[in-house]
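*Asks:* My questions will all concern the structure given below.
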Amino acid sequence: MAEGFAALTPTLKLCDDDLEALVAALASEHGLARKQARRCLVRQGDRAVVLLVAALTDPNPTMRTEAAEALLYIASPLAAPALVEALDDREFGVRWLAAEALIALKCDGLPALLEGITRHSDSLWFRQAAHHVVHDHYCERWRSELSSVLSALGERVGDDTAPVAAAEVLERYRERQSTTGARGTWHEPAGGTR
């Protein structure tokens, strides 16, 4: 126990200063050190996103898992494309946390997810994780439009209906964006729910 606390102490000193050292601590063999580093990174918010996104591709599964969890709590749209790529990670925990992080982004994660579905629908892992995101997302305005994507993701791998359905919804989004002058968000109109 004393050894775990000793491993944690350097992280506490670095909490506000050295983001790279905090990200490196996500791979620590000491759970307390990882937890403290993750909490410090979450407090940094968008400042930590670029390093956490890079950590999502680290060979160490513990690093990838901790990075995905930190991004879940930061909930920055900047991480959406990398979180979509992590939906195909070989580790279930990374896929699950990446899916939960995309759900936490609400409407802001959907464009990246739809683009990912058009590229990765040949992967069973990706389809399962993407299905989870589409099923549990909280973007009410797009729920009915996404029903075709949700249904297609439930089909067998190799069926090309998922990328087609995703591309159609993404095209409708882009059309609305160009006609309404929206700036790339999937937010609801004034008075709507998100």
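*Asks:* Given 5 Å bins starting at zero, what is the percent of C-alpha pairs of the stretch 58-123 in each, up to the one with the largest pair distance?
*Replies:* Reading the bins upward from 0: 4, 22, 31, 25, 15, 4, 0.
*Asks:* For the stretch 90-182, what class follows from the C-alpha gyration tensor (a ≥ b ≥ c being the square roots of its eigenvalues): rounded when a/c is under 1.5, otherwise prolate if a/b is larger than b/c, else oblate?
*Replies:* oblate
*Asks:* Can you tell me the relative contact order of the stretch 7-153? Whole percent, Cα pairs under 8 Å, sequence separation 6 or more.
*Replies:* 16
*Asks:* Okay, next question. Expressed as a whole percentage, what fraction of the accessible surface of the stretch 75-138 belongs to carbon and sulfur atoms when a 1.4 Å probe is rolled over the protein heavy atoms?
*Replies:* 56
*Asks:* Next question, about the same structure. With every protein chain present, what is the per residue accessible area of the stretch 50-133 (1.4 Å probe, Å²)?
*Replies:* Solvent-accessible surface per residue comes out at 38 Å².
*Asks:* How many percent of Cα pairs in the stretch 45-85 exceed 13 Å?
*Replies:* Of all Cα-Cα pairs in the stretch 45-85, 41 percent lie more than 13 Å apart.
*Asks:* With r defined as the distance between the Cβ atoms of T118 and R43 and R0 fixed at 25 Å, what FRET efficiency is calculated, to the nearest 0.05?
*Replies:* In this case the efficiency is close to 0.10.
*Asks:* Under the Karplus relation 6.51 cos²θ - 1.76 cosθ + 1.60, θ = phi - 60°, what is the ordered set of whole-Hz ³J(HN,Hα) values for the stretch 148-161, x standing for Gly and Pro?
*Replies:* Each residue of the stretch 148-161 in turn: 5, 5, 4, 4, 5, 5, x, 6, 5, 4, x, 6, 8, 6 Hz.
*Asks:* May I pose another question? Over the stretch 38-194, what per residue volume does the convex hull of the Cα atoms give, in whole Å³? The partial results should precede the final answer.
*Replies:* Values: hull volume 16.3 nm³, N = 157.
Here the figure is 104 Å³ per residue.
The values are calculated or read from the model by the stated rules, or taken from the named source; none is laboratory data. Just so it is clear, the structure is predicted and the values come from calculations on it, not from any experiment. Here the Cβ is made from the backbone with ideal geometry for all residues, glycine too, and neighbour counts use every protein chain on show. In case anyone asks, the SASA skips ligands and DNA or RNA and just uses the protein heavy atoms, side chains included. Shrake-Rupley method; radii C 1.70, N 1.55, O 1.52, S 1.80 Å.
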